1. Run down C:V188, C:V207 and say which single residue is touching a helix residue (DSSP H, G or I) at 6+ places or on another chain (Cβ under 9 Å), over 22 Å from C:P123 (Cβ atoms) and away from chain A (no Cβ under 14 Å).
2. How many of the residues in region A:97-137 are of a type in the set (K, R) and within 11 Å of chain C (Cβ to nearest Cβ)?
3. Tell me, yes or no, whether region B:151-158 has at least one residue that is part of a loop (DSSP other than H, G, I, E, B), farther than 30 Å from B:T518 by Cβ, at pLDDT 95 or above and open to solvent by 40 Å² or more (accessible area, probe 1.4 Å).
4. Go through B:A520, B:A510 for me and flag whichever is within 32 Å of the chain's Cα centre (by Cα), among the aliphatic types (A, V, I, L, M), away from chain A (no Cβ under 14 Å) and on the phi > 0 side of the Ramachandran plot.
5. When the residues of region B:193-217 are filtered to those that are assigned to a strand (DSSP E or B) and open to solvent by 10 Å² or more (accessible area, probe 1.4 Å), which remaining residue is nearest to B:V30 (Cα to Cα)?
6. Of the numbered conditions (1) at pLDDT below 95; (2) more than 25 Å from the chain's Cα centre (by Cα), B:T449 fails exactly one; give the number of that condition.
7. Looking at B:R662, B:R612, can you tell me which residue is buried (at least 20 other Cβ atoms within 10 Å of the Cβ), out of contact with any Cys (no Cβ under 6 Å at 6 or more places or on another chain), within 14 Å of another protein chain (Cβ to nearest Cβ) and of a type in the set (D, E, K, R)?
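The values are calculated or read from the model by the stated rules, or taken from the named source; none is laboratory data. The model shown is predicted, which means the values in this text are computed figures rather than measured ones. Glycine also receives a Cβ, built like all others from the backbone with ideal geometry; neighbour counts cover every protein chain displayed. Side chains included, ligands, DNA and RNA excluded: accessible areas come from the protein's heavy atoms. Shrake-Rupley method; radii C 1.70, N 1.55, O 1.52, S 1.80 Å.
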Amino acid sequence: MARLLDVIREELDLTGTKEGCGEGECGACSVFLDGKLVNSCLVPAAQAQGAELRTIEGVADGEQLHGVQAAFLECGGAQCGICTPGMVMAAVDLLRRCPQPDEAQIRDGLAGNLCRCTGYVKIVDSVASAAKRAVAVAEQALQAGAGANP
Amino acid sequence: MTQPLHLGHSRPRKEGRAKVTGAAHYTDDVRMEGLLHGATVRSPVPRGILRGIQFGDGIPWNEFVIVTAKDVPGDPMVALIEHDQPFLVADRINHAEEAVLLLAHEDRFLLERARAAVRLEIEALPPLLDLEDSLACKEVVWGQDNLFKELLIEKGEVDSVWKTAAHIVEGEYRTGAQEQLYIEPNGTIAVADAGGVTVWGSLQCPYYVHKAIKSLFNLSDDQVRIIQMETGGGFGGKEDYPSLIAGHAALLSMKAGGRPVKIIYDREEDMVATTKRHPSRTRIRSAFDTEGTLLALDLDFAIDGGAYVTLTPVVLSRGAIHAGGPYRCANTRIHARAVATNTPPHGAFRGFGAPQSLFAIERHMDVAAAQLGMDPIALRKRNLLKMGDTTATGQIIKETLDLPGILDRALEKLDYVSKKHQYDITNRASAPIKKGVGFAVFMHGCGFTGAGETYLASVAGVEGRSDGKVYVLAASTEIGQGTNTMFSQVVAEALRVPMECVEVAQPDTAVVPNSGPTVASRTCMVVGKLVQDAAQGLRQTLVQSGLLPEPYDGEAFSRAVKAYLEKFGRLKAYSQYSTPPHIVWDDQLYKGDAYTTFAWACYAAEVIVDTRTFEVKVEDFVALQEVGRVLNPVLAEGQIEGGVAQGIGYGLSEQVVWNNGRMANGQMTNYIMATSADLPRIRVYFEENPYALGPGGAKGIGELPMDGPAPALLNAVQHALGTTLPREIPLTPERLMEILEPSNA
Amino acid sequence: MKGQAPGCRVHTPASLAGALELLAAEKGVWRPLAGGTDLMVPFAAGKLPFMDFLNLWGLEELRGLEISEDAITLGALSTYSEIRNHSLLQREFPNLVQSAWVTGAIAIQNRGTLGGNLANGSPAADTPPSLLTYGAEVQLQSIAGSRWVPYENFHTGYKQTVMLPEELITRIRIRRPKGNNFHFFRKVGTRKAQAIAKVCVAAYARVEEGRVVEFRLGLGSVAPVPVRARTVELMVEGCVVDTLLIAAARTALMEDIRPIDDIRSTAKYRRTVAANVLGQLLEEMVEHFDRMA
C-alpha cells in the first residue's frame, strides 16, 4: 500500500512535495486532493484513485507565479524552503475558504504546517499581503469591467 | 560617499523563486541511475560490547551490500577535533543508536525489513547518563576522568570579596537538550569508485565532510568532492553530523562497486540518533554591594557532551566566555567543564553554548534583584558593560556601546514599566490567570571564538564567467539564512552592478575555496567581507584592463567580463582572512579578545500564566538588537524572528524526554515546537552602529536571537507568579506545577 | 522514510454490503481503513501487525448527516471538517464542534473521520469526551444486522472495543440538547494545534428550576479509555446550582480517573489539571445558569 506522497515523488517525479516527518505533523507534504488540503503522507494511494490531484508544481500558471507564491517571495515567507511548498498549499487553501483572513485566522489556517526558520511572522505577512493583493486585483477588474460597460 | 545600491535594501531571496514553486532540488530529490538505498543498523543499548551480529531468516542477504567496521579502508574515526568517534562500532558501544552496521539495497522496503532482521549480540555495560554522575566519575566512560575539556577564566580576586560583600546571591540553573528539528532530515548520496569519492548532501560545512572522507578513505584532496544540495535548515544540526552519514553512504558505495548510495534519515532516526544542544548546569555565586554593584561572580558551568568529543570543546569555550553576561565585574571566575555520558554526542545548535550560560546569568540577575529588593532594570543598569570596560576574558570594549539605551528602548516597545505596575496590582486578585513581564540583556560574539578565525584563515573569491556574470566562490552554504542573497548584495554593491549580474556558485569543493564552516554567525561578517574584498579586486582588474570604462551599467559590465575572458582566459579574485592586528587572544590563559566584536540585545516578553493548567502563553515579544549595519532588513528580521521562535521553544516546550540514554519522544508529535497558532507576532527592532570590519558595517546575526528568549520568558514568569523558583528550562507545564504545587497529590 | 509492506493488500468494496460480506467471509483478515490519518502513521513506520486493508473511503452509505427531532445521526465517515463547518452542529453541539476544531489541523480534519477516531480507540482522542457528554450511540453493522451500542460502553480497554471482527461502525447518533443547558469543552494539549491531549474535559448540563437535572462529564487522556466521570456526575446531578460543592467534586473526580506517566505528561499533572479544569467548568456553569436565571 503506497502512500500518495510516494506516488507523487517517485512515480510522478514531482519532487516539490516534501516529506518532513511522515506522520502528518509537519505539513510539508500538503497537496490538494479533489480540492481539499491533505497530508499526502497519510493518504493511501488507493484512496486517490480517480481523484483530482494538485501539487505545488501546479500552483503557478506557467511562468506566472500564484499570488501567494509572489507574496512569499516578496515578504520573506521562504527561508530554507523545505516547508514552503506545503505552506503555500495551506495558504492557497486558507484564502480559498477565507479570502480576507485576520491574523488569528491565518495563524489557525497554517497551524498544520511547521516552519523551523521563520517564526511564522513573514509567512503570516505573506498570506496577508496575498489576500490584500487579491482584493486589489479584483477591484481593478471590477473597475475595468464598469468602464467597459457604461 | 555614494549611496548604497543594494546594501540596506530588502532584495528578494536569490533562490526564492525555485523554493516557492517547488523546483528547488534537495538531496532526496536527486535521481540517479543504479541508485541503492542505504540504511543504518544501530545499537539499542547505551553502553556495551558488541559480541556478534546475526542475520535473521527470510531476507535474501546475498542481494544486500553489507558494511561493518572491518570494511573501513582508512581512519575508522571521524576526523574533527579529536579522532574518537568511530564511523561504525568495532566492539565498544558508547551510546544508544550508535551506528554498527550498514545495509544497501535498491528496494527500500525490503531494506527496511532487513534492517529489522539484523540482531546485535551485545554484552550490556552500566551506562553513565547524568552530567553530575559523570563529574563524580560514577563510571568512567571516556579517558581517565570523563572530562572532554576544562577551562578556567579568571579575572581579579574573586575569593577576596565574599567576606565583606553586602549581599551574596547563589543559584543553580539547568537547561535541557534541544533538537534542531530542521524540517528536512539529514541525508546524503555518495559515489565511491576508483576515481575517489563524491558526496551530495544536505550540509552546512562542505570542507568538514571533505576532511572526514579524505581520512576515512586515505585519499588526497582532489580525490574527494563534496557538493552541497539545497539544504532544508541546519541550525548547527548539519554542521558535523553529515560527515558521519556521508562516510556511511560512501562506504556502502565502495562496497557496491561504485554504485551511488543514498541515505535519507526518517524523522525518528534523525531525532534519536543525531546531535542536540548540550544540556547544562550552571552554579552561580555572586556578590553585590548595598547599591547593587556586582563585586564578584563565581561560575561553575558544566555541559553534557554525550559519548564523543565532536565539537564539545568549542561549545564549552563559547558558553564559558558568555557566562558572565554583559556585565562589568572586576572579580570573575568561570570554571567550565564538559563531560562524557553515554548519550548520543551533543553538538552544534545555534548559539553554541551561549544560550545555556546566558540563560543562567540572565535568570540569576532577576533572582538577585528579588533577593536584593531591587528593580531588575536598576540592578542591571548599575552593571552593564560600556565602552572601555573589560569582559570576563579581559577584552576591552572598544566600540561605542549603549546597553542602558538598548534596554530602555526595548522595554519601551513592550510598555514594560506600566504593564509591570498594572500586573503587580491585578495579579493580587484570586483569578487563575496571572500576567507578567520580563527581559534579558545579552550579547553574542561574532565569528569563531578566540584564535579560531586565525587558524581557519578562510579564503573566498569571485569569478567572472562566460555568461557575463560574476559568481561568488565560497564554501559557505545557503541553509535558509540568506547566504546567497547576502553574498549577491555585497558583491553587486562592490561591483556597482544590478543583482542579476551576480550569482552564487553551488558549494562544491571542486570549485569553491575553503571559506570555513557555515557556523558561528560568521558567514556575513567574516566571509562576506572576504567576498567583498575579492569583488573589489575583480572590479579593479576589469577597470585597469581598460575593458570597463566608467560609468557603466549591468550590460556594459557583462560585456566587459566577456571581453576580459576572451582576452585573458580567466577572471578570478580571492581574498584570505587575516586577523586584525589589534585582536589578541591567549588560548592557554583564556585571556584577551575572545571575538572581534559582539552583537548586543535586549529582549522583552509578556506572558500569561494559567495557574489551572500551568501553561505559559507568550502574549508579546520584543527583540531589539544592535548588529552593526543591517544589509537586508527582511532577511535580517527573518533571522531574528526564527531564532526567537526557537528560543521560545527552548524556554517553554521543547523537552527531550530521555529513556535509558535514548530520546523517547523522537516524533514531531511528541517533541513540541511551536505552530503558527502558538506564537505571538515577534516584534523585531534594529539599532544600527556600523562595524568597521564587516561588509557594509555588518556584524554577525544568526545566533544572537537564540540567547535571549528563555531567560526573558522565565523572568516574566517570575514576575507573574512572584516566585524566583523557575530555574530550569524548558519550563513545561509539568515543571511549573511541581514548583507551584510540590506536595499536591 | 521507513518501510511499507510490499505484500499488503487493499480491497475497495463497491458498497457497504460488499464490505460487510468480505468482513464476514474472511473474519479478522481485513482491517477497515477510513481517512488514514491514524493508521498510516504506524503503517509507514512498519509497526502494524496486519497487512490487509478494507478501504471504506468511497462508501457513500457511511457519509452524510440525518436530522430528526430528537437526534442527529452522523455517518461514520463524517470528517472533522464537515463537523467543524456544520451550522446546526455549531449551534447545538458546541463540544463536538470544538473537539473537531482542535483535532490536528486542517489537512487532518479534511481526512480524519468520526468513525475512524472511535475505532482507533485512542484514550487521547479529542472527540470522545464530547460524544460522552451528548449521550452518543454507535451503530455497528454486520451482514447479520445492526445494533446500537451506547458509546460509553464502546471501549472495553486500552485500544479495545466491543466491535466484532465482522462489524463496521456505520453511524453515530447524538441526542439534541433540550431546555436550559450548558456546554463546556477544554483540551489541555501539548500545543495549540497538531497536539495530543494531556487532559481533555467536556461537560453538558441541563437545569430545571435551578436544579441540575442532567450532568454528563467526559474526559480524555486520564484513563486507558475515554471516561465518563460517574462519581462526579452523581454528585452534581440533583444539586441546586448555587449550592454546588466544587471542592468536593474535584476530590470525587479522583475516583473516576486513572492517569499515567508517559512521554507527554505525568499522572500527577493530569490529576491536578483535570481537577482544576473541572473547577473551572463548574464555576463557569454556575455563572452561566445564574445569568440565565
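1. Values: C:V188 fails: over 22 Å from C:P123 (Cβ atoms).
Step by step, each of C:V188, C:V207 is checked, and only C:V207 is touching a helix residue (DSSP H, G or I) at 6+ places or on another chain (Cβ under 9 Å), over 22 Å from C:P123 (Cβ atoms) and away from chain A (no Cβ under 14 Å).
2. Quick first cut of region A:97-137, residues of a type in the set (K, R) only: A:97, A:107, A:116, A:122, A:132-133.
The next check asks that each one be within 11 Å of chain C (Cβ to nearest Cβ); those that pass are A:97, A:107.
Summing the residues that are of a type in the set (K, R) and within 11 Å of chain C (Cβ to nearest Cβ) in region A:97-137 gives 2.
3. Step one: list which residues in region B:151-158 are part of a loop (DSSP other than H, G, I, E, B), which gives B:156-157.
Okay, now just the ones that are also farther than 30 Å from B:T518 by Cβ, so B:156-157.
Checking which are at pLDDT 95 or above leaves us with B:156-157.
This time we only want the ones that are open to solvent by 40 Å² or more (accessible area, probe 1.4 Å), so: B:156-157.
The answer is yes; a qualifying residue exists.
4. Sole residue among the options that is within 32 Å of the chain's Cα centre (by Cα), among the aliphatic types (A, V, I, L, M), away from chain A (no Cβ under 14 Å) and on the phi > 0 side of the Ramachandran plot: B:A520.
5. Let us first name the residues in region B:193-217 that are assigned to a strand (DSSP E or B), namely B:193, B:196-201.
Cutting the leftovers down to open to solvent by 10 Å² or more (accessible area, probe 1.4 Å) gives us B:193, B:198, B:200.
Details: B:D193: 19, B:T198: 14, B:W200: 9 Å.
Checked region B:193-217; the qualifying residue nearest to B:V30 (Cα to Cα) is B:W200.
6. For B:T449, the exception is condition (2).
7. Numbers: B:R612 fails: buried (at least 20 other Cβ atoms within 10 Å of the Cβ).
From the options B:R662, B:R612, the qualifying one is B:R662.
Conditions (1) of a type in the set (S, T, Y); (2) more than 30 Å from B:T27 (Cα to Cα); (3) touching a residue at least 60 places away in the same chain (Cβ under 8 Å), marked per residue:
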{"site": "C:C8", "(1), (2), (3)": "no, no, no"}
{"site": "C:P13", "(1), (2), (3)": "no, yes, no"}
{"site": "C:L23", "(1), (2), (3)": "no, yes, yes"}
{"site": "C:P49", "(1), (2), (3)": "no, yes, no"}
{"site": "C:F53", "(1), (2), (3)": "no, yes, no"}
{"site": "C:G58", "(1), (2), (3)": "no, yes, no"}
